[in-house]
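This report refers to the structure that appears directly beneath it.
The values are calculated or read from the model by the stated rules, or taken from the named source; none is laboratory data. Not measured: the values here are computed from a predicted model. Here Cβ is always computed from backbone atoms with ideal geometry, including for glycine, and neighbour counts include all displayed protein chains.
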Amino acid sequence: MTTTALRQPRAATPAEPFAPAEPFALVSVSHLRDLLAAGGELAFVDVREEGVRSRDGHILHSVPLPLSRIELRAAALLPRLAAPVVVTDAGEGQLAALAAQRLGGLGYEDVRVLDGGVAAWAAAGGEVYTGANVYSKAFGEFVEHAYGTPHLSAAEVKQRLERGDDVVIVDGRTVEEFENFHIPGAFAVPNAELPYRVPELVRSDDTLVVVNCAGRTRSIIGAQALINAGLPNPVVALENGTMAWLFAGLPLAHGNRPAPHTPGPEGLEKARASVARLTSRFGIRTLDRDGLARFEATRDERTLYLLDVRTREEYEAGHLPGALWAEGGQLVQATDRWIGTRNARIVVIDDENAVRSSITASWLIQLGIGEVFVFGIDPTSAELERGPEPTRVLGALPAVPAVTPVELQALIAGDVVVVLDLDTSLAYAAGHVPGAHFVVRARLPEGLDRLPARPLVLTSADGRLAALAAGELVAAGRQVSVLAGGTNAWRAAALPLEAGETSLLHAADDVWRSPYQEAGDRHGAFRRYLDWEIDLIRQIDRDDTVAFKVFP
């Protein structure tokens, strides 16, 4: 990667103790456009808090990597330290400079900053997008228009159900989302599982299959997945998902996690038939063990993502070392959660039937974000690791004093400490240590002068983020300790929790909130969201950096 300029960041002020001291290289908007078009590896990260990025607008090809959480997310999102990285913020440059310095300190070898950030991109005529997971959601709108994905309204689906028609409703979201709310009588079948499990659910080839999600994208992608896989049944997307269902005044059900519908011999035979169709149409490439070993041996030369798209239970029962769990439907729905480097090698892992990996790979190929392969594992292999997905933190966690939950409870009762919670604002509102103040790591020490002059105790979900922030505050001269094990340990000790946004030291704009999580007029929030999502097709039509692929 070449450099267009060097700039010395402004010196730190007392309010900014962590301002970078090293110069950083700049990349111009025109150079970034060239890099995006060149087809080489590129990690383009936006380091603002995700809620700010979603609200104020971002560049489509950027992926969220908040400065607050770089050490916790970078290893999975940007696994190759030598891959070129371009960092952006809104345009003021200071946040991007801090992140560039931090990434360099963590071992990334080629880190640059977009000169002028998102503001410069917009000033040069580039499209700026609001919202979250926009690349995938824009792709969903593209798919509907490119392939003419059929749909039915909520009223039409309800009418068919009342008439007694042969209809099966499948919910393509995660099982956890399904348990939160779903259409009565629907089956929980996350999107990548649809070609694998739906043949077992239909009575005949005439059964109408309706795919729904909370809004639009996964309904469209799920319905089109079954059509592309060759399911002989009529298949439609529920237009505007459960939002439209609620608009129509229809009730939702809750809970009742069903057991997965494992395909029997006949259903499995039908599901396997989809693999050949998808492979032929979309040019899916399969890796054998030797091929995967070659990829693993060249990780330092090419970025490699190993993404296991089976169910969580299957993954935890045995997965390849280094593979991350990325439920297939969610991987397509939110590519920027797992794939931070464009044009990398992406290996989609499944069992030997390859049904879920093939449908997932077909979408990743059409998204045009990397070189995609499928790999089937033997679940009885001795090389597999068991248990939940490991989390790798880049850099060592600072050594800071820790207090146990019981000790912290006593300190709070004595009114001798101030507790700061660095978890997301959503997690904070769901339940936090009583009296704790919500803060955002990247904004510290801003606001601390408004609190009593007492020692600080920091907490986060598992304590790691708290330890990172504590190390920075200790370096700034504060008296700080952390809650050992974080808020998870407090909860495990059966100590009381406080709910709600009770004490926000920093604005709760760190995460994107879905329309279901917005306060106030929920139907109004639904309408604004649907208008935004539907308009994405017009926005990507104006965006000359978008290169989704169509396969007749």
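Descriptive notes on the structure:
- Scoring GLY51 on the criteria (1) modelled with pLDDT of 95 or more; (2) under 25 Å from ILE346 (Cα atoms) leaves a single failure, condition (2).
- Residue in the stretch 269-286 that is closer than 27 Å to GLY387 by Cα, of a type in the set (A, V, I, L, M, F, W, C) and surrounded by fewer than 22 Cβ atoms within 10 Å (Cβ to Cβ) present: no
- Residue, farthest from ALA223 (Cα to Cα), within the stretch 164-192, restricted to residues that are part of a loop (DSSP other than H, G, I, E, B) and either of a type in the set (Asp, Glu) or without any contact (Cβ under 8 Å) to a residue 12 or more places away in the chain (or both): GLY164
- Residue in the stretch 243-255 that is touching a Phe, Trp or Tyr at 6+ places or on another chain (Cβ under 6 Å) and not in a loop (DSSP other than H, G, I, E, B) present: yes
- Test: residue in the stretch 145-163 that is out of contact with any Ser or Thr (no Cβ under 7 Å at 6 or more places or on another chain), modelled with pLDDT under 95, part of a helix (DSSP H, G or I) and over 21 Å from GLY249 (Cα atoms): no
- Count of residues meeting criterion [acidic (Asp, Glu) and more than 25 Å from GLY125 (Cβ to Cβ)] in the stretch 52-82: 1
- Condition check for ALA469: assigned to a helix (DSSP H, G or I) and buried (at least 20 other Cβ atoms within 10 Å of the Cβ): yes
- Screening the stretch 523-552 for residues that are within 23 Å of CYS213 (Cβ to Cβ) and without any contact (Cβ under 8 Å) to a residue 60 or more places away in the chain and picking the one that is surrounded by the most Cβ atoms within 10 Å (Cβ to Cβ) gives ALA525.
- Condition check for THR459: touching a Leu at 6+ places or on another chain (Cβ under 7 Å) and surrounded by 21 or more Cβ atoms within 10 Å (Cβ to Cβ): yes
- Residue in the stretch 416-423 that is farther than 17 Å from HIS506 by Cβ and outside the structural domain of ALA97 (by TED's automatic domain parsing) present: yes
- For the stretch 272-294, the set of residues classified as of a type outside the set (D, E, K, R) and touching a residue at least 40 places away in the same chain (Cβ under 8 Å) consists of ALA273, SER274, VAL275, LEU278, THR279, PHE282, GLY283, ILE284, THR286, LEU287, GLY291, LEU292, listed by residue number.
- Matching residues in the stretch 103-117 - criterion: being crowded, with 20+ Cβ neighbours inside 10 Å, in contact with a Leu (Cβ under 7 Å, 6 or more places away or on another chain) and under 27 Å from PRO390 (Cα atoms): TYR108, VAL111
- Residue selected from the stretch 492-520 under the condition closer than 27 Å to LEU408 by Cβ and of a type in the set (Asp, Glu), by the criterion nearest to the chain's Cα centre (by Cα): ASP510
- Residue in the stretch 495-516 that is surrounded by the fewest Cβ atoms within 10 Å (Cβ to Cβ), counting only those that are acidic (Asp, Glu) and in a loop (DSSP other than H, G, I, E, B): GLU501
- Selection within the stretch 168-195: residues that are acidic (Asp, Glu) and more than 16 Å from the chain's Cα centre (by Cα). The member of this set that is surrounded by the fewest Cβ atoms within 10 Å (Cβ to Cβ) is GLU179.
- None of VAL440, VAL433 is farther than 18 Å from ASN488 by Cβ, buried (at least 23 other Cβ atoms within 10 Å of the Cβ), in contact (Cβ under 8 Å) with a residue 60 or more places away in the chain and not hydroxyl-bearing (Ser, Thr, Tyr) except VAL440.
- The single condition among (1) more than 30 Å from HIS182 (Cα to Cα); (2) in a helix (DSSP H, G or I); (3) within 23 Å of the chain's Cα centre (by Cα) that ALA489 does not meet is (3).
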